[in-house]
Structure formats: C-alpha cells, structure tokens
Amino acid sequence: MSEKIENENEKRLSQSQEEVPEENHGPEPTEEDWKNLREVADSLPLAAYLVIVIEFCERFTYYGLTGPFQNYIQFPAPESYPADQAGAMGKGQQTATALTTFFQFWCYITPIIGAIVSDQFLGKYWSIVLFAFVYLAGLIILTATSSPMAIASGAAFPGFIVAIIIIGLGTGGIKSNVAPLVAEQYQSKRAYIKTTKKGERVIVSPQATYQKIFLYFYWGINIGSLSAIATTELEKNIGFWPAYLLPTCMFIPGIAVVLLGRKKYIVAPPRGSIFIEAGKLIWYSRKVGGMDNCKPSKLAISHPELAAKATWDDVFVDELKRALKACIVFCWYPFYWLCYAQITNNLISQAATMWTGNVPNDIMQNIDPLVIIILVPVFDNFIYPTCRRYGIHFRPIMRITLGFFFAAVAMAYTAGIQSKIYAALPEKISAGYQIPSYVFVALSEIGASVTGNEYAYKKAPQSMKAIVMALFLFTNCLASVLSFALVPVTVDPKLTWMYTGIAATAFICCIGVWVFHHKNDDVDVEEDAIGRSAEEEKNYTIRKQAEVDYEAFEKI
C-alpha cells in the first residue's frame, strides 16, 4: 500500500511540474517595477476550489455538531418536542462545560498527530482520506446514541464520550492537512509581469495569490459554520438525532469530493524521516556555530565528516530558519484566540442577560460568520486591490497586527456593553448592542486568523507544511488554558474588568507583534522565494527516498 501511495505521489508531482512550466510566465519584476506597477493575485486552479468545498463540508459538520453540545449534556430530556429547553443527559452545567472545553482542547491537539502521519508517512491527500473515515465513524456513533431509545437507556453519555474522542481525532487529522493542501494547488513560486486585457502591466505575485487563497478558504469555513443555526433549531423542535444526522449526511459529499477529485489534486509526497532530519540539523547547528553553517556546501569545507551524514540540502536549511522565525510570531497567538473564544461562551452568556425578543441568545454568535461572508469578497475585490494600487501591500505582519488591534477593540467595546448592562439593572438592554463586538471580531479574524494560516503555510519547509500548520493550530490549546485561568472572574460583577483586562492584553500584544516582527515584512517576498525549482524538488525527493531505502536495507 505504501509503495502504491509513493508511486502515485511521484506521478502526481511530475504532472504538477508539467502543468506549471516557468517559461510560460512573463519576466520577473525589477526593483523599479515593484515601485511602479500594481500587484495582483493569479487565477486559482479548479483543484483549489475543490479543497475549499471539502473544508466547507467538514466545517458544516463540525459546527453543526458542536452547536447543540452544551444543551445535549447539561439538560435532561424533555417530555415531548417542540421543547422549551432541549436536553438529553441532564449532567449539569459544570459537566457540560468541562466536556465541551475538553473537546475543543482535543481538537487542537490532534492536528499534531495528523501532521506526523502526513509529513512522515502518507502525505496530505491520503491522510485526509484516512482521517475522514475515522471522523465518519465518530459521527455514526454520536447520531446512533442520540436517538430517543438510546437516551432513555442511558447510552447517550458513554456514546458521546467515545464519539467526541473519535471525532476530535478525525477533525484534527484533517485540519492540519487541508489548509496546506489548498495552497499546494497553486504552484507558481516567483512573481512575474503580465499585461491585462486593458493593456495594464501588473505584477502577479505568489504573496497576493496566497492571500486570496486563504481568504476564500476562510470564507468556506464560515459558510459552513452557519450550520449551527439549523442544528440548534432541530434540537429544539424535533430532537438531537436529526440535529446530528444533518451534519453526518453533509460530511458524506465532502468524502465524495475527496475521492472523486483524486486525480485533480497536486500533492507533495512525504519525505520520510523529516523530524529526525530537522532535529539532526538543529543538533549540528550547536556544534558548528549556527544553522547557516549546517549547509552541506559549508559542512563539506569545515566538517567533512558531518557533511557525509547530512541528508538535507542548502535550501532546507534556509527553509527551516524561515519556519522557526515564523513560529516565534505564533507565540503571540494564544492571547488573540483568548479574545476570539469570548464569542463562543461569555458573549452568549452576556446575550442571555439582554433583551433578545424571540431570538435565542445562542444564535447571536452567528453574526460573526455572516459578517465574514460579506467582508471576504469586499477585501479581495476592493480593499486589498485598491491599497495595492496606491503602494500599500498589507504584508503578513501588518495584517496580523491589525487583527490583534481589532480584537482589542472588540473586547474593549464588550467591556463597555457589560458596564451598560450593570448600570441598567433591573431593566434589560437590547442584544443589538452586541453587534459591533461581533463585527470587530470578524475584522480581527480577517487580519489575524486568515493571515496566520497563510503565514504557517508560506514559511514552512516544503516537507513540513502540515507540522508547522499544526503548531499554529496548537496555539488554540494554549488559549484554552488561559480561558481556564479566567474562570474565577467570569462571574458578576467582575465581567467588566475581565473584558477590560483581555482588551488591554490584546492591545499590548498588538504593539509587541509590530515592534518585534515588523521587519519580517521587509523580507517577506525574498523569503517566500526560497525553494527549489520543480526539477530540483523532484530530484531532492527521489534522493532522500533512496537514502531512506538504503538505511532501511542496512538495518536488515
């Protein structure tokens, strides 16, 4: 099986090289061209849109499931439906919060498992296939144990525990691979000049193209997240089994798109013992005085005995240096995700203390994806192109900084609303006051979350895309730890100060990101150009595989 996968990966890599001949592109822009010409995104291949469809189906499933989780665990089963309060297990709020928090934490640990399987063994495509079927098994268990008969017999609770462990493994395995897979469908590595139909000379750059890819990737995620509207209505009016059956059924077309589009996708094959290789390189750097001195071209002169053991090339050293620099930027992200997490818990609780009319309080969080669905095309078609026309390029660190800034504004505004709620007691103020909070969070996601995914992909070595993406996703876990630390202050009348503290922290991080990392934008284009040509990548992969096979033969 592994030999078949390797052969298919090599064949697909060869096809990708034929599909993107560099000589068909225009000339590379000069320094003068960068100053005077407009930067634009390239057109996206069909395969990229297919991967976005896969992510839409997976996120539809994920958010559709998690929407009813709290009520499913917390409240007892009603006598009949439609119900004033839907429920199933009656385990109480503490158990419900603990289990849903564990599930969130688990879902951001498992991408590391998915990344190891992908980068070390199967590659991204086959890893997605494997974890999709694991995911489907968990969905079937959850749906089956949510039937009225299963709830009445007490099977719902153990079934739920088993299901969330399996689903968390499945979603994590997909999560670390699907974002790199969508970006891999675009193969051009260098900027070039082309003339538009209107006769304008423009620079087509990978930076603008990846920005577009990840914007629409995130757009697909947020369309899928609206499934929670449907499933929360189903749980209230019919029961939990149809609420879980809907996302289960929606996941099946996603698997179909993965399998039927197999020959369409461009996939970089796994490179074998990549973690041992990276660890060995870092270890050598301590011996020879820095990573740059670990390049085989330099080791051959200074340390020939180490050069003979080096399984990497000069490009991999530069790629790994670039990735480590990006991972330092990710260290700020737990504080960003702490801001984002408020819309899934504390803002929902805040809405419960406000006047919502006939609208359920937990439906307010859907304002966030709705705003993103509207804003993504606006940013892609108007804001970013207009800024580029006037020489403002919004490189990654600038966008991440703005993301942190809007997150801080969102939390500061929420603190003001909480203060207004306290001042109005015992009267209730309208939940419409929350709308700007969700708008500011949505703006922050377009800056920080979208760019974080893009940055993780662009700065990772070609053979470590999934693991670097998993490390970026892991920052969500650290945010969960911070959320646990704030539990003692998530009570009245301390909420105003909690939101104020989170806002202040996000603003300090906003300043820190810019002060410590803004120079990264100056070399963004240069760093993205680090890499191998199509032929070099093929030869590098084949050479590494030959070395791995030789080492395995020696052990025998």
Charged-residue dipole, Cβ positions (Lys, Arg, Asp, Glu), the chain about Cα centre, Debye nearest 20
380 debye
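For the chain, what proportion of DSSP beta bridges, expressed in % and rounded to the nearest 5, is antiparallel?
Given both bridge residues lie in the chain, the antiparallel proportion sits at roughly 50 percent.
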With all protein chains present and a 1.4 Å probe, the order of LEU306, LEU482 from largest accessible area down is LEU482, LEU306
Simple SL model, points at 7 angstrom along Cα→Cβ for PHE275 and VAL523; separation in nm is 2.9 nm
With the dipole of the chain worked out from charges on the C-beta (+1 for Lys and Arg, -1 for Asp and Glu) around the Cα centre, which of ALA431, LEU234, TRP283 lies farthest toward the positive end?
ALA431
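Just add up the charged neighbours of TYR81: K/R +1, D/E -1, any other residue whose Cβ is under 13 Å from the Cβ of TYR81.
-3
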Bin all alpha-carbon pair distances of the stretch 396-464 at 10 Å intervals from 0 and give each bin's fraction as a whole percent.
21, 34, 23, 14, 6, 2
Heavy-atom accessible area of MET89, protein chains in place, probe 1.4 angstrom, given in Å² to nearest 10, is 30 Å²
Which entries of LYS212/LYS295; LYS280/LYS325; LYS175/LYS263; LYS263/LYS325; LYS263/LYS459; LYS189/LYS287 show an alpha-carbon separation above 24 angstrom in the structure shown?
LYS212/LYS295; LYS263/LYS325; LYS263/LYS459; LYS189/LYS287
From largest accessible area down, sort ARG532, ARG286; use a 1.4 Å probe on the protein chains.
ARG286, ARG532
How much length is gained on full extension from LYS194 to ASP33, taking 0.36 nm per residue of separation minus their Cα-Cα distance?
56.8 nm
Where does the charge balance sit around TRP283 when Lys and Arg score +1, Asp and Glu -1, over other residues with C-beta under 14 Å from its C-beta?
+3
As a test of reading the structure, rank LYS298, LYS212 by solvent-accessible area (1.4 Å probe, protein chains only), most first.
LYS298, LYS212
Based on DSSP H runs of at least 4 residues, each adding -39500 (n - 2.57), what is the mean residue ellipticity at 222 nm of the chain after dividing by all its residues, to the nearest 500 deg cm²/dmol?
-22000 deg cm²/dmol
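Stokes-Einstein diffusion coefficient for the stretch 193-304 at 37 °C in a medium of 0.692 mPa s, Rh from the Kirkwood formula over Cα pairs: what value in µm²/s?
Calculated translational D: 161 µm²/s.
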Separation of the THR344 and GLU305 label points, Cα + 7 Å toward Cβ, nm:
5.2 nm
Tell me, what are the semi-axes, in whole angstrom and largest first, of the equivalent ellipsoid of the chain as set by the roots of 5 times the Cα gyration tensor eigenvalues?
42, 29, 23
Rg followed by Dmax, in Å, when the stretch 55-168 is reduced to its Cα trace
15.7, 52
Candidate lysines for bridging to LYS420, where Cα separation is under 30 Å - those fewer than 8 sequence places away on the same chain excluded:
LYS428, LYS494
Hey, got the dipole for the stretch 198-269? About the Cα centre, +1 on K and R Cβ, -1 on D and E Cβ, debye to the nearest 20?
460 debye
Accessible surface of PHE121 - all protein chains present, 1.4 Å probe, nearest 10 Å²
130 Å²
Nearest-10 value in Å² for the accessible area of PHE379, using the 1.4 Å probe:
30 Å²
For the stretch 367-506, what does the alpha-carbon gyration tensor say about shape, rounded, prolate or oblate, given a ≥ b ≥ c as the root eigenvalues, a/c under 1.5 as rounded, and a/b over b/c as prolate?
oblate
Alpha carbon centre of the stretch 362-403 versus the stretch 489-514: separation in Å?
23 Å
What residue among PHE379, GLN211, SER480 has its Cα farthest toward the positive end of the dipole of the chain, where the charges are +1 on Lys, Arg and -1 on Asp, Glu, each on the Cβ?
SER480
For the chain, which DSSP H helices look membrane-span-like by this rule: Cα extent along the axis of 15 Å or more and mean Kyte-Doolittle of at least 1.0?
46-66, 124-144, 156-184, 240-260, 367-378, 396-424, 465-485, 495-517
Dipole of the stretch 295-398 [Lys/Arg +1, Asp/Glu -1 at C-beta], most positive-end residue of GLY391, VAL329, GLN350:
GLY391
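The values are calculated or read from the model by the stated rules, or taken from the named source; none is laboratory data. Please read these numbers as outputs of a predicted model, since none were measured by experiment. All Cβ positions, glycine included, derive from the backbone under ideal geometry; neighbour counts span all protein chains shown. What goes into the accessible areas is simple: the full protein's heavy atoms, side chains included, and nothing from ligands, DNA or RNA. Shrake-Rupley method; radii C 1.70, N 1.55, O 1.52, S 1.80 Å.
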